[in-house]
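S.K.: Once you've had a glance at the structure underneath, I'll fire off some questions.
The values are calculated or read from the model by the stated rules, or taken from the named source; none is laboratory data. Note that the coordinates shown come from a computational prediction; the quantities given were computed from them, not determined experimentally. Cβ placement follows ideal geometry from the backbone for every residue including glycine, while neighbour counts extend to all protein chains displayed. Heads up: the accessible areas ignore ligands, DNA and RNA and are worked out on the full protein's heavy atoms, side chains in. Shrake-Rupley method; radii C 1.70, N 1.55, O 1.52, S 1.80 Å.
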Amino acid sequence: MSVQLALTSALSGLRTTQQQAAMVSHNLANATTAGYVRRDLDLSAVTTAGRGAGVRVDAVARKVDELLIRDARFETSRYSGQEARASALADYALVLGQPQDEKSVSTQLSKLQQAFSRLHDMPNDDAARNAVVSQATALAGGLNRAAEAAQTVQDDARGRLQTSVDTVNTSLQRISDLNGKIATLETRGGDAGDLRDQRDRLLDQVSQEIGIRTYSREDGQVVVMTRNGQTLLDHPLATGEQPLTLLGDEVMANGVALSANPDSEIQSGRIMGYVQTVKQDMPRAMAQLDELAAGLVQAFQGAEADPTQPGLFTDAGAAYGTTAGLASRIAVNDAVRTESWRVQSGVQAAAPLQPGDQTQIETFQAVFTGTRSFAATDMPANATLGSYATAMVSAQQGYRTGAESEMNARKISADTLETARINRDGVNIDDEMQKLLLIEQSYGASAQVVQVAGRMIDILLQIKG
């Protein structure tokens, strides 16, 4: 019996080390595969009638740190959301420029004030008059371009928002399919490690688009929810079923508008960044531009003989109508384009003033020094046109730099946690090679036991013969 036990134990050792070698080989082959989790074999001793009879493989172990995965996903999600928002703000700020830039509306407004000052010194000079018209046109064009840029950034964010929603729905469909396969395979005692890796990669992808929480059921299926508890996946999804939908600018889940309270319902991910761009950042930018445009139109209109009629700046050629969208409609009065004397005598004047008359020019100059009321978010309530324009451009640059600073901080945190996750759950080639050497030695030792047991049996047979 002792020789038989020795053979049984050695053979079990040979079988086990073969499986270990195969597992180490699988780990090494996937050392650079994104999302692959290292596998190990759970072993236990075999006993027969209280006596050792070798070793057996109990299961393939795929051991992961769920808390680390959760934290890594959340930080990566926060980074991707801040990256999306920072990119949109940078695109708009690039068109708006810095306060000191030639192309910025604050600089253009300052140049218009300077042009009126030169005209005051030379009221009869055609070049000075044309310079005022030219600079007024440049200022109106700058506001038009800034408004167009804000609208373009907003429209682009809407398109990207739809793409993100589609990505989430597609990934959840695939996760639902993997849920079923994993549950079926593990019920039969099979190894679903590779399927779990695929599912984790998809969950990582979903978390980059929207902040999620997950938990696993006893049968191995995973339930996916938003950070605030709105269910995205808790049952097999039918073909074409969409856990997330986009209704206008509202991101919907289970009939709830997540974008109505994005800070609590969404919290992170690209969807969060795009929602902030569409519903917060660009509407605020456009409102700030519209307030400046309204100030210009109303102030120069009020500097005319009839303050109800169009002045130097118009609302698409007409007198001031409404503030909303005015930055995209503001234009220089066509009358001054063909008759530049009107910037000295008044846009509504029936005839030119006497040569050297500076009365109307001084009225125009007072527009720049007078304090006006403004109602835009984060802007001064009372300011001159110039100080408001400078504050507006500075504020937009501040939004951009703030978003980029937070994005960089999130990047560091996300990279640190992702590195820790890879080190914890990924494949270390040096460790696997050391295991392979131990497996080789163990296999050789078991083979040696088989040889020794065989010779012992041969000796016993010779004695019996």
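S.K.: Explain nothing, just the number: relative contact order of region 240-371, from Cα pairs under 8 Å at least 6 residues apart, as a whole percent.
M.R.: Value for region 240-371: 15 percent.
S.K.: Taking the Cα centre of the chain as origin, work out the dipole magnitude from +1 charges on Lys and Arg Cβ and -1 charges on Asp and Glu Cβ, in debye rounded to 20.
M.R.: In total the dipole reaches around 1640 debye.
S.K.: With +1 on each Lys and Arg Cβ and -1 on each Asp and Glu Cβ, and nothing else charged, work out how big the dipole of region 52-99 is about its Cα centre, in Debye to the nearest 20.
M.R.: Using only the charged Cβ atoms, the result is roughly 200 debye.
S.K.: Next question, about the same structure. Can you list residues whose amide H is under 5 Å from residue 331's amide H, if they're 5+ apart or on another chain and H is modeled 1.01 Å from N?
M.R.: Counting only residues 5 or more places away or on other chains, the set is 314, 316, 317.
S.K.: Work out the length of the dipole vector of region 356-442 about its Cα centre, built from +1 on the beta-carbon of each Lys and Arg and -1 on the beta-carbon of each Asp and Glu, and round it to the nearest 20 debye.
M.R.: 320
S.K.: Got the relative contact order for the chain handy, in percent, Cα pairs under 8 Å and 6 or more residues apart?
M.R.: 24
S.K.: If I compute solvent accessible area with a 1.4 Å probe over the protein chains, what percent of it on the chain is carbon and sulfur?
M.R.: Taking all protein chains in place, the chain shows 51 percent carbon and sulfur surface.
S.K.: Would you mind working out the accessible area per residue for the chain, using a 1.4 Å probe, and quoting it in Å²?
M.R.: Spelled out: the 1.4 Å probe surface of the chain, per residue, equals 47 Å².
S.K.: On to the next question. Could you tell me the accessible area of residue 279 in Å² (1.4 Å probe, neighbours in place), rounded to the nearest ten?
M.R.: Answer for residue 279: close to 80 Å² accessible.
S.K.: Evaluate the Debye formula for the chain with equal point scatterers sitting on the alpha carbons, no solvent, and hand back log10 of I(q)/I(0) at q = 0.06, 0.07, 0.10, 0.12 Å⁻¹, in q order, two decimals.
M.R.: Listed by q, the Debye log ratios stand at -0.49, -0.58, -0.84, -1.01.
S.K.: Can I ask one more? Just to verify a number: what accessible area does residue 430 come out at with the full protein assembly present, 1.4 Å probe, Å² rounded to tens?
M.R.: 110
S.K.: What order do 120, 235 take when sorted by accessible area (1.4 Å probe), most exposed first?
M.R.: 235, 120
S.K.: Taking a spot 7 Å from the Cα of residue 4 along the direction of its beta carbon, which residues of region 29-66 have an amide N less than 18 Å from it?
M.R.: 46-55
S.K.: Using only Cα atoms, tell me the angle between helix 193-209 and the longest principal axis of the chain; keep it within 0 to 90° and round to the nearest 10.
M.R.: Taking the Cα atoms of the chain, the angle to 193-209 is about 10 degrees.
S.K.: Then there's this: Keeping all protein chains in place and using 1.4 angstrom, which order do 79, 443 fall into by accessible surface area, from largest down?
M.R.: Greatest to least solvent exposure: 443, 79.
S.K.: Give me the percent relative contact order of region 145-228, please, defined on Cα pairs under 8 angstrom at least 6 residues apart.
M.R.: 28
S.K.: Quick one: Cα centre-to-centre distance for region 322-367 and region 10-78, in angstrom?
M.R.: Distance between centres, Cα-based: 82 Å.
S.K.: How many percent of all Cα-Cα pairs in region 285-429 sit more than 21 Å apart?
M.R.: Everything past 21 Å amounts to 57 percent.
S.K.: By how many degrees, 0 to 90 and rounded to 10, does the Cα axis of helix 282-302 deviate from the longest principal axis of the chain?
M.R.: Approximately 0 degrees, to the nearest ten.
S.K.: Sticking with this one: Pull up all non-local amide H partners of residue 46: gap of 5 or more, or a different chain, and H-to-H distance under 5 Å with H placed in the peptide plane.
M.R.: Amide H neighbours of residue 46, under 5 Å, 5+ apart: 53, 54, 55, 56.
S.K.: Out of the trypsin sites (Lys or Arg not before Pro) in region 180-265, which ones are loop residues according to DSSP with at most 14 other C-beta atoms within 10 Å?
M.R.: 188, 217
S.K.: Give me the accessible area of residue 36, 1.4 Å probe, in Å² rounded to the nearest 10.
M.R.: 20
S.K.: Taking the highest mean first, how do the peptides 95-104, 139-148, 372-381 order by number of other beta carbon atoms within 10 angstrom per residue?
M.R.: 139-148, 95-104, 372-381
S.K.: Report the full-extension gain for the segment residue 353 to residue 445: residue separation times 0.36 nm, less the Cα-Cα distance, to one decimal in nm.
M.R.: 21.8 nm
S.K.: Considering the options 14, 59, 178, tell which one lies farthest towards the positive end of the dipole of the chain, charges being +1 on Lys and Arg and -1 on Asp and Glu at the Cβ, about the Cα centre.
M.R.: Projecting each Cα onto the dipole axis, the largest value belongs to 14.
S.K.: From the C-alpha coordinates alone, can you work out the Kirkwood hydrodynamic radius of region 60-169, in Å?
M.R.: For region 60-169, inverting the mean 1/r across all distinct Cα pairs yields 18.0 Å.
S.K.: Right, something else. Round to the nearest 10 and give me the degree value, 0 to 90, for the angle of helix 359-369's Cα axis relative to the longest principal axis of the chain.
M.R.: In the chain, helix 359-369 runs at an angle near 30 degrees to the longest axis.
S.K.: Here is a follow-up. Leaving ligands and nucleic acids out of the surface, order 416, 338, 33 by accessible area at 1.4 Å, largest first.
M.R.: Of 416, 338, 33, the descending order of accessible area is 338, 416, 33.
S.K.: With unit charges on the beta carbons (Lys and Arg positive, Asp and Glu negative) and the dipole taken about the Cα centre of the chain, which residue among 36, 457, 231 sits farthest to the positive side?
M.R.: 457
S.K.: Rounded to whole Å and sorted largest first, what semi-axes of the equivalent ellipsoid does the C-alpha gyration tensor of region 1-122 yield via the square root of 5 times each eigenvalue?
M.R.: Value: 77, 13, 6 Å, ordered largest first.
S.K.: Right, here's the next one. Calculate for the chain the 222 nm mean residue ellipticity that helices alone would give, adding -39,500 (n - 2.57) per DSSP H run of length 4 or more and normalising by residue count, nearest 500 deg cm²/dmol.
M.R.: One gets -21500 deg cm²/dmol as the mean residue ellipticity at 222 nm.
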